[in-house]
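Below: the structure, in structure tokens.
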Amino acid sequence: MRKIYHLSSCSTCKRIIKELNPDAGFILQDIKTEKITEAQLNLMAGLSGSYESLFSRRAIKYKELNLKDKNPSEEEYKNYILNEYTFLKRPVIIIGSKIFVGNAKKVVESAKKELQAK
């Protein structure tokens, strides 16, 4: 599988996709226009190790819902992401059986190396 979950209106996602220069074999899914399915999220969590690792604490709704004062369970993290696309840390890049979550420089560099190796 070669897929990138992103937000087309996000300048950071656009920059990273341009930097990665994915080939035609990649599927790009705009999570705002094409909602993440439970099966897709389960696959991501399986590759990353948890739903929490996919959860963005930068989302505006994170503050609005006072989530920093709560201690959500894995199931709650899953439901937050399924119900509100902004809770997915992005971009999420899947190359084969490897997953790269978020926009940290180290994560993007690792994804680039993986792409070059394939």
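Taking a quarter of the surface of the Cα convex hull of the chain gives a mean projected area of 7.1 nm².
Within a straight-line Cα-Cα reach of under 16 Å, LYS106 can be paired with the following lysines, leaving aside sequence neighbours fewer than 8 residues apart in one chain: LYS89, LYS98. Label-to-label distance for GLU76 and LEU28 is 3.6 nm, based on points extended 7 Å past Cα in the beta-carbon direction. Rounded to the nearest 500, the helix-only mean residue ellipticity at 222 nm of the chain stands at -12000 deg cm²/dmol, with each DSSP H run of n ≥ 4 adding -39,500 (n - 2.57).
With N as its number of residues, the stretch 55-118 has a Cα radius of gyration that, divided by 2.2 N^0.38 Å, comes to 1.32. The spacing between the stretch 94-111 and the stretch 1-71, judged by their C-alpha centroids, is 11 Å.
None of the figures in this text is laboratory data; all of them are computed from the coordinates on show. From a predicted model like this one, the values you see are computed outputs, not experimental measurements. Because the Cβ atoms are built from the backbone with ideal geometry, glycine has one as well, and the counts that use them run over all protein chains shown.
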